[in-house]
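The block underneath contains the structure these notes are about, expressed in structure tokens.
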Amino acid sequence: MASIVIIGGGAAGCFCAAELSALHPDWHIRVLEAGQHPMAKLAVTGGGRCNITNTFEGVEALAKVYPRGDKLMRKLLGRFGWKDCLDWFGNHGVEFTAQEDHCVFPVSQDAMQIVHVLERQMHIGGVELMCRHKVISIDKGLNVKYLHAGKEASMKADAVVLATGGGTAGILAGTDIELIPSVPSLFTLKIDDDALRDLMGTVVGSVTLGLVGTRFRSEGTLLVTDWGISGPATLKLSSYAARWLAQEEYRGSLLVDWLGGGEQQARQILEELGRNGARMVANTHPPQLTDRLWRYLLSRASVRAGCRWNELGSKGLARIVNTLISDIYRINGRARFKEEFVSCGGVSLSEIRPDTMESRRIPGLYLAGEVLDMDAVTGGFNLQAAWSSAWVAAHSIHL
Ligand SMILES: Cc1cc2nc3c(=O)[nH]c(=O)nc-3n(C[C@H](O)[C@H](O)[C@H](O)COP(=O)(O)OP(=O)(O)OC[C@H]3O[C@@H](n4cnc5c(N)ncnc54)[C@H](O)[C@@H]3O)c2cc1C
């Protein structure tokens, strides 16, 4: 009987096991999971609601949502895309709803429903789930060495799927497979500016963020927090610049365009606001900004309280424009984003065959999920990468 070992009982590993057991009911499939329970992370995804995938409707270019792995994802999505994912879980009784922002959740709003479906399908398929089995290495002969109950042991397989998630590619350190060092992605930024922090809770609809001296730019909603900034625009920037920020030890200069549209847009808006020259500048703010944020930005632009539009002069106007479109803050570290967190880095994508997810160097070894140097911004894209890569791996194992 063919023996398959899947390492890692997370989203990718369990999905691969469920699919593989349905394709080959006569194979002996084992899942080795280091933790006490499988899919502990999947259970808390999307704040416990599981943002399982995305309809990709708002996606102009895959590279914008997969800063690492967009080319591979193009191929994988062609084989097993978001609709296939919904069909798969739909066939097992899950109903879905897509939000306005194109993120897809189960109607139950319960990640445990997804966990239970995968557990059930693995059970039906006769998958042997071995928790508290921590794999320490794999060699070229597909010998898997692991620790269980304090003892070291090994098992040999006809095929191995490595699906141990982010930051775990070190399991392959004894092989000559290229590993890209892991660094965090999807985090928020610490900014030491008490006046900004006083605006905690302020949301600005569409800002553009950048890192001074780089080409990293992101657009979207910004949230001011008690430690600095968060929200989709910040998380995207952290994802795009994950490696750069790690190299800089999470220090740098953040550039904020508060209106998101550059100088021309800012000037047009100010022109409109200043039509009634006798009004006080502080009393008429751009519709995108709150009253408090506007007053804060005016103080940064050194516009005195009580100044009227007709007293600003071209220099005063230029200072406001400048503050609106290129407001600079010192980044002073990162903070964990509790809703989602992934790592960038892992097994180099040049090491795998994109049509099968098989290792080029170790035939019979397949890779799926976040253990690869492939990760996405928030929105269901990371789990879709796990489903797609695991499905392709499952359908490529032929013994
Ligand atoms: C709080 C949080 C919320 C998230 N929410 C979302 C969301 O809503 N939508 C989305 O798309 N993405 C989300 N993500 C990201 C998403 O969870 C991951 O991208 C996804 O889980 C990756 O799947 P995986 O199977 O590759 O890895 P994991 O889910 O991390 O699974 C890997 C498994 O391998 C096991 N393992 C590790 N090392 C070993 C070893 N040596 N031996 C044996 N087993 C091992 C681990 O215990 C784990 O169970 C979220 C992440 C976090 C942290």
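Here are a few things to note about the model shown:
- Unique match (being within 7 Å of the ligand (Cβ to nearest atom) and either surrounded by fewer than 16 Cβ atoms within 10 Å (Cβ to Cβ) or assigned to a strand (DSSP E or B) (or both)) among Gly9, Gly13, Gly35, Gly46: Gly35
- The residues of the range 344-360 that are touching a helix residue (DSSP H, G or I) at 6+ places or on another chain (Cβ under 7 Å) and either under 30 Å from Ile229 (Cα atoms) or not assigned by TED's automatic domain parsing to the domain that holds Ala173 (or both), listed by number, are Cys344, Gly346.
- All conditions in (1) under 15 Å from Ser3 (Cα atoms); (2) within 27 Å of the chain's Cα centre (by Cα) hold for Gly166, with the sole exception of (1).
- Residue list for the range 49-60, restricted to those being touching a strand residue (DSSP E or B) at 6+ places or on another chain (Cβ under 8 Å) and either touching a residue at least 60 places away in the same chain (Cβ under 8 Å) or surrounded by fewer than 16 Cβ atoms within 10 Å (Cβ to Cβ) (or both): Arg49, Cys50, Asn51, Ile52, Thr53, Asn54
- Single condition Gly166 does not satisfy, out of (1) closer than 18 Å to Leu255 by Cβ; (2) buried (at least 20 other Cβ atoms within 10 Å of the Cβ): (1)
- If you go through the range 365-375 and keep only what is of a type in the set (A, V, I, L, M), in a strand (DSSP E or B) and within 14 Å of the ligand (Cβ to nearest atom), you end up with Leu367, Leu372.
- Residue check for His24: under 28 Å from Ala159 (Cα atoms), surrounded by fewer than 22 Cβ atoms within 10 Å (Cβ to Cβ), assigned by TED's automatic domain parsing to the domain that holds Thr164 and within 13 Å of the ligand (Cβ to nearest atom): no
- Tabulated pairs, the range 376-393, first within 8 Å of the ligand (Cβ to nearest atom), second among the polar types (S, T, N, Q) and assigned to a helix (DSSP H, G or I), C-beta under 8 angstrom, 6+ apart or interchain: Ala376/Ser239; Ala376/Asn382; Ala376/Gln384; Leu383/Thr45
- The selection criterion, being closer than 30 Å to Gln288 by Cα and modelled with pLDDT of 95 or more, does not hold for Thr356.
- Yes/no for Gly277 being over 28 Å from Arg336 (Cα atoms), assigned by TED's automatic domain parsing to the domain that holds Met374 and modelled with pLDDT under 95: no
- Apart from one condition, Arg197 fits all of (1) within 14 Å of the ligand (Cβ to nearest atom); (2) in contact with a Gly (Cβ under 9 Å, 6 or more places away or on another chain); the exception is (1).
Condition check ((1) part of a loop (DSSP other than H, G, I, E, B); (2) farther than 28 Å from Gln121 by Cα) across all residues:
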{"site": "Val59", "(1), (2)": "yes, yes"}
{"site": "Ala63", "(1), (2)": "no, yes"}
{"site": "Met73", "(1), (2)": "no, no"}
{"site": "Asp84", "(1), (2)": "no, no"}
{"site": "Val94", "(1), (2)": "yes, no"}
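- Some residue of the range 294-304 being modelled with pLDDT under 95 and farther than 30 Å from Ala43 by Cβ: yes
- Scanning the range 219-233 turns up no residue that is under 20 Å from the mean Cα position of the chain (by Cα) and among the aromatic types (Phe, Trp, Tyr).
- Looking across the range 115-136, the residues that are outside any loop (DSSP other than H, G, I, E, B) and either near the ligand (Cβ under 10 Å from one of its atoms) or touching a His at 6+ places or on another chain (Cβ under 6 Å) (or both) come down to Val117, Met130, Lys134, Val135, Ile136.
- Residue check, Val115 of a type in the set (Val, Ile, Thr), within 25 Å of the chain's Cα centre (by Cα) and buried (at least 16 other Cβ atoms within 10 Å of the Cβ): yes
- With respect to the conditions (1) within 13 Å of the ligand (Cβ to nearest atom); (2) surrounded by fewer than 16 Cβ atoms within 10 Å (Cβ to Cβ), Gly93 lacks only one, and its number is (1).
- A single entry from Ala159, Ala153 fulfils the requirement of being under 21 Å from Val392 (Cβ atoms) and either modelled with pLDDT of 95 or more or not assigned by TED's automatic domain parsing to the domain that holds Ser350 (or both): Ala159.
The values are calculated or read from the model by the stated rules, or taken from the named source; none is laboratory data. Small disclaimer: the values here were computed from a predicted structure and weren't measured. Cβ sites come from the backbone with ideal geometry, for glycine too, and all protein chains shown count toward neighbours.
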